[in-house]
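Here the structure is laid out as structure tokens; the discussion comes afterwards.
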Amino acid sequence: MRLLKVCGVIVAAGVLASCASIGGSESALIPSASGGVSGQTATTAQWFADNRNSPPRLRAFLKKMPKGGDIHTHLSGAVYAESYLQWAADEKLCVNPESGAISADNREPCQLKPEVPVAAAMKDAELYGNLVDKMSLRNFEYAEQSGHDQFFEAFAKFAGGSKGQMIAELSNRAARQNIAYLEMMVTVGKQYSKQFSQQVRFTGDIDATYQQIVAAGLAATILAGQQELQGVEQQANAVLACDSTHPQPGCSVERRYVLQINRTGEPSRVFAEMVYAFETVRAEPLAAGLNMVAPEDNVVALRDYDLHMRMMGYLSARYPDVPVSLHAGELTLGLVPPEHLHDHIRKAVEVGGAKRIGHGVDVMHEDNPFQLLKTMKERGVLVEICLTSNDAILGVKGKHHPFPEYLKAGVPATLASDDEGISRIDLSHEYQRAAEDYGLSYPELKTLARNSIHYAFLKGESLWADQAYRQMKPACTGSDFAQASAACQQFLDANDKAEVEWQLERQFRSFEGGSWM
């Protein structure tokens, strides 16, 4: 594992009852290395409380604040439109000025009308601005369609650049915000899952279909998926110049990949993608877990939701060491009929075996929502909160968002960017939004950051002996963050999660010592 570079309770009435709602008392949230409360931490928390009504000051503070990880981010949607356009221009690609779609198969001279060279569009300020708008949510309130449609249609317009360039962009942006870790959703082995879906038709018997895919030669194709993932990581390191004397900031960011399954395909294809992803995650250290992607309100995704959860549950039982995060409850009344709002999150947890839930916006529409929240708390199922995404796509924000309900119920939570390029944000913006809209204090934001690593799909044990972050594991108890003891260092070397958590604590010590001022 790469070593990370060290960078350095005011509550809205009626929103959060106390710091206990997200992991214990305030003193539990801000221990020093020896277990007590750091005076520097208390000073930092007081500065935050004194300046919380100044958005510019909050932005400066939160950009530098260590935020742990961004563990819900789609690689393609996290890249800004400007980057795609520059890469496409470099590759001499063409773009449709009316739709904003870059053509990966059409190069200069552009033969298909009304396509024009991207390089020419880069010289036309008005056209360039229109393309950025069409490829993102910038100025979407002036578009002739909903934020939901503008968002999901953007993905089909991207072309140009390599995955290595995309990963490098995300890594550098993360490093500039004091983010230590990224889990990025990507697709690998697409040709093999397609091949298996054509060879083996799903007839309703999940176990029989699985056995047929295995018999069709699944094991022999997994190495190619591993090599594909290793290749994009190597590309990213090359773009970042990580092995040079002048590495870019993104080299300090630890990275893992969550393999994604498209939920809008026919059952044979979806199940083949699931099987390939589970098998690849089990074999490849860079692959941290898996997820299902595409709009949850898609007609096929709604039709097959129960089937998908049964498939996922079957495979989760077969591969208990492969962690699953599921987009669930990214719905709202009006977008879909009420009948689709009452059990998606529950089935993701209880049937699909999800360890984390992405979005979870419709939780209070679920049958017996308070019991469901209790189940999530007891099972330690983390919810990945994407505030800006939920606002732009679903129109759910402020007091209508269930974020405070998760916190009140003690469900572990963290903040995530989702698709920061399309949404025109970064993770620091989400922390600021949480502070401004829900009155979260610095210790509470700090817990959200710690949660992002504690519940990340990193291999090995956690640094922490409890989920309130009061006590470290015996090997590191009493160890100085400036220099781990021999026993602690041995423990960190053997556990990826603990090592990233240790580095996060070192970042907090530097930050609270005044490195952000």
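Just so you know, all these numbers are worked out from the coordinates, no wet-lab data involved. Please read all numbers here as calculations on a predicted model, not as lab measurements. A quick note on method: Cβ atoms are made from the backbone with ideal geometry, for glycine too, and the neighbour counts reach across all protein chains shown.
Tabulated values for the structure
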| read-out | value |
| --- | --- |
| The chain - convex hull of the alpha-carbon atoms, volume per residue in Å³ | 158 |
| Angstrom value of the Kirkwood radius, inverse mean 1/r, which spans all Cα pairs in the range 404-466 | 13.0 |
| Computed over the range 178-270, the ratio Rg/Rh where both radii use C-alpha atoms and Rh is Kirkwood | 1.13 |
| Signed unit charges on C-beta, dipole axis of the chain, positive-most listed residue T41, A416, F370 | T41 |
| Amide H contacts under 5 Å for N262, placed H, 5+ residues apart | V293 |
| Extension gain from A156 to E405, taking 0.36 nm per residue of separation minus the Cα-Cα distance | 86.2 nm |
| Hz values of 3J(HN,Hα) by residue in the range 81-98 - Karplus curve (6.51, -1.76, 1.60), Gly and Pro given as x | 4, 4, 5, 4, 5, 5, 5, 5, 5, 4, 8, 6, 7, 10, 9, 8, x, 7 |
| Estimated distance in nm for a label pair at M517 and N53, the labels positioned 7 Å out from Cα along Cα-to-Cβ | 2.3 |
| Neighbour cut-off at most 10 other Cβ (10 Å), DSSP loop, GluC sites (Glu not before Pro), the range 53-122 | E98 |
| DSSP-assigned coil residues among trypsin sites (Lys or Arg not before Pro) in the range 123-210, each with at most 10 further Cβ atoms within 10 Å | K123 |
| Cα pair distances of the range 76-157 binned at 5 Å [whole percent] | 3, 17, 28, 25, 17, 8, 2 |
| Dimensionless Rg over Rh [the range 106-243; C-alpha; Kirkwood] | 1.07 |
| Neighbour-count order for L326, L240, fewest beta carbons within 10 angstrom listed first | L240, L326 |
| Computed FRET value (nearest 0.05) for T203 with Q111, which takes r as the C-beta separation and R₀ as 35 Å | 0.20 |
| Semi-axis lengths (Å, descending) of the ellipsoid that matches the C-alpha gyration tensor of the range 284-412 | 22, 17, 14 |
| Backbone HN-Hα couplings from phi across the range 450-466 [Karplus 6.51/-1.76/1.60, Hz, Gly and Pro as x] | 4, 4, 4, 9, 4, 9, 5, 8, 7, 6, x, 7, 7, 5, 9, 7, 9 |
| Theoretical ellipticity at 222 nm over the chain - DSSP helices of four or more residues, -39500 (n - 2.57) apiece, nearest 500 | -13500 deg cm²/dmol |
| Antiparallel bridges, percent of DSSP beta bridges restricted to the chain (to nearest 5) | 20 |
| For V361, distant residues with modelled amide H under 5 Å away | E330, L331 |
| FRET efficiency for K194 and D480, using Cβ-Cβ distance with R0 set to 60 Å, rounded to 0.05 | 0.70 |
| Among the listed pairs K377/K459; K355/K377; K64/K459; K446/K497; K64/K355; K64/K397, those beyond 19 Å (Cα-Cα) | K377/K459; K64/K459; K64/K355; K64/K397 |
| Amide H contacts under 5 Å for M184, placed H, 5+ residues apart | R256, Y257, V258 |
